[in-house]
Amino acid sequence: MEQLVPPELPPELVEQARRLFAGKVDFLLSAPQLQFLPEPDFPEVAFGGRSNVGKSSLINAVTGRKSIARASVTPGRTQELNFFEVGDPVQLRLVDMPGYGFAKAPVKVVERWKELVRTFLMGRTVLRRTMVLIDSRHGVKPPDLEMMKMLDEAAVGYRLVLTKADKVKASELEATRAAVAAEARKHSAAYPQLHVTSAEKGMGIAELRAAILADAMQR
Ligand SMILES: Nc1nc2c(ncn2[C@@H]2O[C@H](COP(=O)(O)OP(=O)(O)OP(=O)(O)O)[C@@H](O)[C@H]2O)c(=O)[nH]1
Ligand SMILES: [Mg+2]
């Protein structure tokens, strides 16, 4: 089995990230359209993935707040780009993106947020990394591939993050992990190492925090 903790995330960084996220974290704003984006003043790390994959829950886990990003049982709840500021003074922003691939959403709504996300990803100068979340129960699905292709084309580096690892058996998790890692190797902008997380159990969260900090700080 490959390493769970990527080698570029030393313990000092994990500790630095722990302290940063234990400090000030504020919801900044919710942008339903591009004209409402905040000024590009700080490095940003975005969270994307299919509807219900656990984006908001992961942001809650990373920031150690129960409900800073709304997590819901109703798929498609997050339909705007939600910005959170981390640090005092502010060091970085997290962006909770609308989920994709929700079959029941009206076509017009889907098209609207696809365009919002695409334009954001292509044009956001301060965007340092995107976390592409993949459900441990499902692995990479066609809408994920579409997202990954878009990021490859935009040359926006991304990390693949398995979510809800607590929901599957160890053997199943390992099979999904291997399959997703194999897929990652086919994508030019994807990190080869995966993050395996559970927002529910706290698994992989400390390392993900460190990765976010490392990504935000890189130039
Ligand atoms: N067991 C378990 N459930 C989780 C985990 N993360 C999220 N969930 C559940 O999955 C559901 C969806 O989580 P959200 O965080 O709202 O997902 P989202 O990706 O933000 O969804 P949208 O905003 O609708 O796209 C909720 O019922 C969460 O409680 C996890 O690590 N383990
Ligand atoms: Mg959400």
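The values are calculated or read from the model by the stated rules, or taken from the named source; none is laboratory data. What you see is a predicted model, and the numbers here were worked out from it, not measured in a lab. Here the Cβ positions follow ideal geometry from the backbone for every residue, glycine too, while neighbour counts run over all protein chains shown.
Annotations for the structure displayed:
- Comparison of Glu200, Glu183, Glu207 shows that the only residue that is in a loop (DSSP other than H, G, I, E, B), surrounded by 14 or more Cβ atoms within 10 Å (Cβ to Cβ) and among the charged types (D, E, K, R) is Glu200.
- The range 201-219 residues that are under 22 Å from Ala165 (Cα atoms), paired with ones that are of a type in the set (Phe, Trp, Tyr) (beta carbon under 6 Å, 6 or more apart): Arg209/Phe21
- Taking the range 65-93 as the range and being away from ligand 2 (no atom under 13 Å from the Cβ), modelled with pLDDT of 85 or more and at negative phi as the test, the residues that pass are Arg65, Phe83, Glu85, Val86, Asp88, Pro89, Val90, Gln91, Leu92, Arg93.
- Hits in the range 33-51 - residues which are within 16 Å of ligand 2 (Cβ to nearest atom) and touching a residue at least 60 places away in the same chain (Cβ under 8 Å): Val45, Ala46, Phe47, Gly48, Gly49, Arg50
- If the condition is being surrounded by 15 or more Cβ atoms within 10 Å (Cβ to Cβ), farther than 21 Å from Ile59 by Cα and acidic (Asp, Glu), then the range 132-174 contributes only Asp152.
- Criterion: closer than 25 Å to Leu20 by Cβ and touching a residue at least 40 places away in the same chain (Cβ under 8 Å) - qualifying residue of Val156, Val140, Val132: Val132
- Residues of the range 94-106 satisfying the condition of being surrounded by fewer than 20 Cβ atoms within 10 Å (Cβ to Cβ) and modelled with pLDDT of 80 or more: none
- Some residue of the range 59-72 being within 26 Å of Asp41 (Cβ to Cβ), polar (S, T, N, Q), within 12 Å of ligand 1 (Cβ to nearest atom) and surrounded by fewer than 19 Cβ atoms within 10 Å (Cβ to Cβ): yes
- Taken together, Val109, Val126 contain a single residue that is surrounded by fewer than 18 Cβ atoms within 10 Å (Cβ to Cβ), within 16 Å of ligand 2 (Cβ to nearest atom) and β-branched (Val, Ile, Thr), which is Val109.
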